[in-house]
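The values are calculated or read from the model by the stated rules, or taken from the named source; none is laboratory data. Bear in mind the structure is a predicted one, so any value in this text is a computation, not a measurement. Here Cβ is always computed from backbone atoms with ideal geometry, including for glycine, and neighbour counts include all displayed protein chains.
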Amino acid sequence: MEKVKIYVNGKEYKNIFTRVIWSGAIHGTARKLEVEYLGDIITNIGDEIIFSYEEEKLFYGKVFQHSRKGETEIKSFYAYDNSIYLNKNNFVKNFFQKKPSEILKEICGELNLKVGKIPKDEVTCTYPAIDRSGYEIILNAYTIQHRKNKKIYSIVSNEQAIDIVEQDTYTDVLLTSVDNISTSSYEESIENMINQIVIYKVEKEKQQILNKAENAEDKKKFGLFQQVMEYEKDVDNIANAKDMLKSVEKSARIYCLGNILIQAGYNIGIQEPHTGLVGSFLVKSDMHIFEGETYFCSIELAFENVMDKVQFENKEKAKKNKKKKGKKVKKKDKIDELFPEGWDKKK
């Protein structure tokens, strides 16, 4: 592993590693570095890690675990990049007419995380966030923007800064069965199919069916797979219901020669006629494995580029236990206690 170097608190190590795995995925997964090595222990929990390959620094992170096996001389550790702190910290927040970038900067500021490249703000956001992770809170803000412009955003860490990147970015990578693909597989499934969404509304403690969105072709071919969605004011409920529909899930995996440009969230070109994988595909997850003098990748491909979304509790729904004169009421839930009625009308 002459080309692999790892820096621990600034100190360089090389030629002691038996196996290094650098991996990541779309939809909120922090990038991870897993390392096995020989010799003296080189890490402590919390140490700063930099991983480089061919003199290019690919990963900045912090050690979360290290271990040793008694029957061997092999030691190991793993580290995450700093986007892990967005997943590991929950908040109590109420946002009123805040831009997505303002929400991002507020959360990152409290976690001492740098903010890097971000898209132009196109919406304002008003919502409470109770016991939600930093990742979920930021994601919800950019989901609101996604509903307006239909662009698909991911939250990633690049060079120790939190970036909001638009998916569908192409890299200069072409994988072929002739040159660099070792094995490939392709499968289809209806295990998670949703082909009808019923939109309902609760008014005066009565449920009312308002509308529905469906995939008529899938219903006819595979039978009914139905979910329900509560009506929300001031949003395009039909469009959101259509976003929830899931057709036949297609998945593919490729095992190929290593290339550092292959990373989750980016599109690559593939020509593999045996499985029918020909065209441009989004990398859903990537695993780069360095072992001995070999470097190879295991890749999962996505066939639909879908925005990762999180469902926040509706403020109106949280008010269902509002006091009524002359009637016994239940204890207020925590949203009402933290955000009294009318909080979102104040300026």
| field | Residue that is farthest from CYS125 (Cα to Cα) [pool: residues in segment 64-110 that are assigned to a helix (DSSP H, G or I) and among the small types (Gly, Ala, Ser)] | value | GLY109
| Which numbered condition ASN267 misses (of (1) closer than 30 Å to ILE6 by Cβ; (2) modelled with pLDDT of 90 or more; (3) not aliphatic (A, V, I, L, M)) | (2)
| task | Scan segment 200-217 and report the pairs whose first residue is over 14 Å from ALA241 (Cβ atoms) and without any contact (Cβ under 8 Å) to a residue 60 or more places away in the chain and whose second residue is of a type in the set (Val, Ile, Thr) and surrounded by 11 or more Cβ atoms within 10 Å (Cβ to Cβ), with Cβ atoms within less than 9 Å and a gap of 6+ or a chain change. | result | GLN208/VAL202
| message | Exactly one of these conditions fails for ILE162: (1) in contact with a Gly (Cβ under 9 Å, 6 or more places away or on another chain); (2) surrounded by fewer than 20 Cβ atoms within 10 Å (Cβ to Cβ); (3) at negative phi. Give me its number. | response | (2)
| said: Can you list the strands (runs of 3 or more DSSP E) lying wholly within segment 115-193 that have 2 or more residues being over 26 Å from ILE254 (Cβ atoms) and touching a residue at least 40 places away in the same chain (Cβ under 8 Å)? | reply: 125-133, 161-166
| note | Scanning segment 207-245 for residues that are assigned to a loop (DSSP other than H, G, I, E, B) and touching a strand residue (DSSP E or B) at 6+ places or on another chain (Cβ under 8 Å), the one nearest to LYS150 (Cα to Cα) turns out to be LEU245
| query | Among the residues of segment 288-325 satisfying the criterion of being among the aromatic types (Phe, Trp, Tyr) and modelled with pLDDT under 85, which is farthest from GLY28 (Cα to Cα)? | reply | PHE303
| query | Can you tell me how many residues in segment 281-303 are outside any strand (DSSP E or B) and either under 19 Å from the mean Cα position of the chain (by Cα) or not assigned by TED's automatic domain parsing to the domain that holds ILE254 (or both)? | reply | 1
| query | Can you name the residue in segment 1-53 that is polar (S, T, N, Q) and closer than 19 Å to SER67 by Cα and is also surrounded by the most Cβ atoms within 10 Å (Cβ to Cβ) among such residues? | reply | THR43
| message | Considering only residues that are over 15 Å from SER154 (Cα atoms) and either buried (at least 19 other Cβ atoms within 10 Å of the Cβ) or among the basic types (Lys, Arg) (or both), which ones fall in segment 264-286? | response | ILE268, ILE270, GLU272, LEU277, PHE281, ASP286
